[in-house]
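Below you'll find the structure, written out as structure tokens, and then a few comments.
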Amino acid sequence: PSTAAEHVAAILKSQNGAATPPALSDASSLSFALANASSSFSVELRRRLWESLAQFCAQALQARAVSEPLAAIESEEGSEQRLLRFDAAHVSKLCASFSDRSAVSVDAHPILVDAVGAALMANGKQLLQTLDSRGLARVMRLLAASSSASSEKSLKLLMALAAESSQRDPPVGAAEASMMLHSLASYPLVEGDGATPAWLQNDVAEAPSHSGSAILELLSADPGCSLTIPTLGDCLEGGLLDGSASPRDAANGLHALSRLGYRHEGVLEAMSEYVPLSIGTFGLRDVVGMVVAYGRLKERDEPTLLALATCAQQQMAKHTLSDLTSMATAFARLKVRDLPFLEELLNRISKGNDPSMASPHEAVALLSAFGRLQVAESGAFSTLGQTLLSYGAFPHLQTTQPLGYTPSSSSSSSSS
């Protein structure tokens, strides 16, 4: 496979600047094949393959963008729409293949994003308007997959997609709404250090707390996009009520709304009905995502949270300590005190041989949560204390000192 991949990379590179641009169908087929095969290749080979493929796909998209509007082509009636749907399906497939952030080369994303944007925005946005709901969601997901703050062109495309998604009739389904919300919440509008890109500083608050809040602010201020988040929330609510939303749709959608900082009362009410009826089908990540979202939104729906706590307690052995820390923090924030869950968690920590043992950050978060919920267990507290000491969180203390050590009288009470 690696030898074949080397050959493909060479062929793709040789196509760069060729007189005859590649077909969009070939570009999407190659991207789909690489997405399913590249995990077995070396990091360097994957990088070269994805970057060469991005250039190859960009040529196909650029040729599509500069072609004449299909309405002007003389052909049999209805063929224009068939051709548009055909091209839209390939764009959707391309975006799905390039959306895996862990597999695709970082440098491949900007190449493809610019080409996709040019193709979708050309000719009166014909191709953009022809994308089905899943296609819209896949393009949004591609934009969110970028690992750094995105460009002005990328944001312009995202806003166009957001406006289009809120105007669909019939509305988008729950799965697509959840994917779109997740992409909007994940879009890297803010740099990793929290700074806003220079080109955007006049359009958002001076210090947005994270990308989600900045995106919500931008969408709300744009007349064409102001209804996007409420409309997608309505679509998710409908899926929760009629049962078409999967547990993953529900978890991702609610988690995304919480990251955006948007309270959709209809979704929260629908969740209170959905969770008890569907909780038997929830996966580990679904439970974690929902609990964390409730904590972030400060929504104290005690019956729903207790049901989720019971589910988490029953699956305690399968959860990582990081996930359990996130849930304990959410429960503490909401003052939801489910003793079976807390006792099981304390018991797990007290054993001290957890393969996913807490980091100093998690140890502090757990101690804080236990304190706010007023639960304690000496073995668990001993383990967490040793975790802090072993990682050097308090370098002025010696690890030989017992956890019950009392600072000397020379230490002030404030520093203690």
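The values are calculated or read from the model by the stated rules, or taken from the named source; none is laboratory data. Please read all numbers here as calculations on a predicted model, not as lab measurements. FYI the Cβ positions are ideal-geometry reconstructions off the backbone, even for glycines, and counts take in every protein chain you see. All accessible areas refer to the heavy atoms of the entire protein, side chains included, with ligands and DNA or RNA removed. Shrake-Rupley method; radii C 1.70, N 1.55, O 1.52, S 1.80 Å.
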Legend entry - Boolean, Leu257 is touching a Gly at 6+ places or on another chain (Cβ under 7 Å), aliphatic (A, V, I, L, M) and part of a helix (DSSP H, G or I): yes
Inset, instruction - Starting from the range 338-351, keep only residues that are under 13 Å from Thr383 (Cα atoms), then list their pairs with residues that are part of a loop (DSSP other than H, G, I, E, B) and open to solvent by 40 Å² or more (accessible area, probe 1.4 Å) whose Cβ atoms are within a distance under 9 Å, requiring at least 6 positions of separation or different chains. - result: Leu346/Ala376; Leu346/Glu377; Asn347/Glu377; Ile349/Met357; Ile349/Glu377; Ser350/Glu377
Legend entry - Ser322, sole failed condition from (1) at pLDDT below 95; (2) in a helix (DSSP H, G or I); (3) open to solvent by less than 10 Å² (accessible area, probe 1.4 Å): (3)
Inset, instruction - Working only within the range 17-66, note down all residues that are open to solvent by 70 Å² or more (accessible area, probe 1.4 Å) and modelled with pLDDT of 80 or more. - result: Asp26, Phe32, Asn36, Val43, Glu44, Arg47, Arg48, Gln55, Gln62
Legend entry - Scope the range 153-172; condition buried (at least 20 other Cβ atoms within 10 Å of the Cβ) and either more than 11 Å from Gly224 (Cα to Cα) or touching a strand residue (DSSP E or B) at 6+ places or on another chain (Cβ under 8 Å) (or both); matching residues: Ser154, Leu155, Leu157, Leu158, Val172
Inset, instruction - Quick one: Leu70 ticks every box in (1) of a type in the set (A, V, I, L, M); (2) modelled with pLDDT under 90; (3) under 16 Å from Arg141 (Cβ atoms) except a single one, so which number is it? - result: (3)
Inset, instruction - Within the range 253-263, track down each residue that is open to solvent by 20 Å² or more (accessible area, probe 1.4 Å) and either touching a Phe, Trp or Tyr at 6+ places or on another chain (Cβ under 9 Å) or not basic (Lys, Arg) (or both). - result: His255, Gly261, Tyr262
